[in-house]
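Novice: Structure in structure tokens, see below.
The values are calculated or read from the model by the stated rules, or taken from the named source; none is laboratory data. Not measured: the values here are computed from a predicted model. Every residue, glycine as well, gets a Cβ built from its backbone with ideal geometry; the counts of neighbours run over all protein chains shown.
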Amino acid sequence: MHQQVVVTTDAPAALKPLLASAIQSELRMLELGLARIAARLQAFEKQYSLTSEECAHRFATGEMGESLDYIEWAGEIETYRRLEEQRQALQRATLH
């Protein structure tokens, strides 16, 4: 889906470089968050000898139970997916 956003300002500063810089800063923050979560996911995978994909599937179908670790793991998986979607959206963004 193609989306377009129009931003206007009466500020004297050039807006395009500011927006480009803001997007790059947000991308860096997302990448740091993704790296941190990836490390957490690896720790869970090692601890339980299970991939995160398998955990997500089993958790969604109720096969994993409701221990605090499993709930936290499932939350980390969901957070990773959301941050990755945001990162991809910003990487595809163009300023004209």
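Novice: Tell me the residue from 59, 44 that is in contact with a Cys (Cβ under 8 Å, 6 or more places away or on another chain), part of a helix (DSSP H, G or I) and farther than 28 Å from residue 91 by Cα, please.
Specialist: Details: 59 fails: in contact with a Cys (Cβ under 8 Å, 6 or more places away or on another chain).
Criteria check complete, one pass: 44.
Novice: Given the criterion over 30 Å from residue 14 (Cβ atoms), of a type outside the set (Phe, Trp, Tyr) and part of a helix (DSSP H, G or I), identify the matching residue among 74, 89.
Specialist: Working: 89 fails: over 30 Å from residue 14 (Cβ atoms).
Of the residues listed, the single one that is over 30 Å from residue 14 (Cβ atoms), of a type outside the set (Phe, Trp, Tyr) and part of a helix (DSSP H, G or I) is 74.
Yes or no, residue by residue, for (1) loosely packed, with under 11 Cβ neighbours inside 10 Å; (2) under 19 Å from the mean Cα position of the chain (by Cα); (3) under 25 Å from residue 93 (Cα atoms):
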residue	(1), (2), (3)
18	no, no, yes
27	no, yes, yes
30	no, yes, yes
50	no, no, no
74	no, yes, no
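Novice: May I pose another question? Before we move on, is residue 64 surrounded by 12 or more Cβ atoms within 10 Å (Cβ to Cβ), among the aliphatic types (A, V, I, L, M) and either outside any helix (DSSP H, G or I) or modelled with pLDDT under 95 (or both)? Can you show your working first?
Specialist: Numbers: surrounded by 12 or more Cβ atoms within 10 Å (Cβ to Cβ): yes; among the aliphatic types (A, V, I, L, M): yes; either outside any helix (DSSP H, G or I) or modelled with pLDDT under 95 (or both): yes.
Considered against the rule, which asks whether it is surrounded by 12 or more Cβ atoms within 10 Å (Cβ to Cβ), among the aliphatic types (A, V, I, L, M) and either outside any helix (DSSP H, G or I) or modelled with pLDDT under 95 (or both), residue 64 comes out as yes.
Novice: I need the full set of residues from the stretch 55-72 which are of a type in the set (D, E, K, R) and more than 19 Å from the chain's Cα centre (by Cα), in order please. Talk me through it step by step, then tell me what you get.
Specialist: Of the residues in the stretch 55-72, the ones of a type in the set (D, E, K, R) are 58, 63, 66, 69, 72.
Once the filter is applied, which keeps residues that are of a type in the set (D, E, K, R) and more than 19 Å from the chain's Cα centre (by Cα), the stretch 55-72 yields 58, 63, 66, 69.
Novice: Right, another one. Identify all residues within the stretch 10-39 that are charged (D, E, K, R) and in a helix (DSSP H, G or I); write none if there are none. Break it down stepwise before answering.
Specialist: Step one: list which residues in the stretch 10-39 are charged (D, E, K, R), which gives 10, 16, 26, 28, 31, 36.
Matches in the stretch 10-39: 16, 26, 28, 31, 36.
Novice: Test residue 79 against the stated conditions and say whether it is under 20 Å from the mean Cα position of the chain (by Cα), over 28 Å from residue 26 (Cβ atoms), among the β-branched types (Val, Ile, Thr) and surrounded by 12 or more Cβ atoms within 10 Å (Cβ to Cβ). If you could, list the steps in order and put the result at the bottom.
Specialist: Numbers: under 20 Å from the mean Cα position of the chain (by Cα): yes; over 28 Å from residue 26 (Cβ atoms): no; among the β-branched types (Val, Ile, Thr): yes; surrounded by 12 or more Cβ atoms within 10 Å (Cβ to Cβ): yes.
For residue 79, the condition - under 20 Å from the mean Cα position of the chain (by Cα), over 28 Å from residue 26 (Cβ atoms), among the β-branched types (Val, Ile, Thr) and surrounded by 12 or more Cβ atoms within 10 Å (Cβ to Cβ) - is not met.
Novice: Just the residues that are surrounded by 13 or more Cβ atoms within 10 Å (Cβ to Cβ) and either without any contact (Cβ under 8 Å) to a residue 24 or more places away in the chain or at positive phi (or both), please, taken from the stretch 83-93.
Specialist: None - no residue of the stretch 83-93 is surrounded by 13 or more Cβ atoms within 10 Å (Cβ to Cβ) and either without any contact (Cβ under 8 Å) to a residue 24 or more places away in the chain or at positive phi (or both), so the list stays empty.
Novice: Looking only at the stretch 47-66, decide whether some residue is under 29 Å from residue 3 (Cβ atoms) and among the hydroxyl-bearing types (Ser, Thr, Tyr).
Specialist: Checking the stretch 47-66: not a single residue is under 29 Å from residue 3 (Cβ atoms) and among the hydroxyl-bearing types (Ser, Thr, Tyr).
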